[in-house]
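Worksheet for the structure shown next.
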Amino acid sequence: MDSDICNIFSFRQQIEGHPNPSQVICENIIETTLGENQFDIVTIIGSTLEESKQYENVLDKCFNLLKDKGYIMVMDFEKNKSFEDFKKVISQSDHLIIDKEAYDTYESLSFYICKVRK
């Protein structure tokens, strides 16, 4: 967890004038102070899941934050967790992958973005 990155993202939301800015919360998801069932969308970006060393636990915590029929947007690198492995994790839950886009222009940096419904 990097508070500088959180501050930069929050600042960018302000200066770019997003019509629906994100709420940036910089805390440990495993020990979150946030209540359950209060967000429409939770975003997990980049190496977050890999660096947590608690892949499925982090996903579960994020799903708990969602309102019914809310979504998690996951962006991950193939080198961290392949889409096939991610799909296996989701298939063992009650959640559903709604959409997936793959970006593989550069093989060493290939990644995917998934929209997963609670």
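The values are calculated or read from the model by the stated rules, or taken from the named source; none is laboratory data. Note that the structure is a prediction, hence the values are computed from the model and not measured. Virtual Cβ from ideal backbone geometry, glycine too; neighbours counted across all protein chains shown.
Looking at Lys81, Lys53, just one residue is exposed (fewer than 11 other Cβ atoms within 10 Å of the Cβ), basic (Lys, Arg) and within 16 Å of the chain's Cα centre (by Cα), and that residue is Lys53.
Here the condition is being in contact with a strand residue (DSSP E or B) (Cβ under 9 Å, 6 or more places away or on another chain) and of a type in the set (D, E, K, R); of Asp60, Asp68, Asp40, it holds for Asp40 alone. Given the criteria within 14 Å of the chain's Cα centre (by Cα), within 15 Å of Arg117 (Cβ to Cβ) and of a type outside the set (Lys, Arg), does Leu96 qualify? Criteria not met by Leu96. Residues that are in contact (Cβ under 8 Å) with a residue 24 or more places away in the chain and of a type in the set (S, T, N, Q) within the stretch 8-47 comprise Asn28, Thr32, Asn37, Gln38, Thr43, Ser47, listed in sequence order.
Only residues that are surrounded by 12 or more Cβ atoms within 10 Å (Cβ to Cβ), among the small types (Gly, Ala, Ser) and at pLDDT 85 or above: list them for the stretch 1-39, please. Across the stretch 1-39, the qualifying residue is only Ser10.
Taking the stated definitions as given, is Cys26 out of contact with any His (no Cβ under 6 Å at 6 or more places or on another chain) and in a loop (DSSP other than H, G, I, E, B)? Yes.
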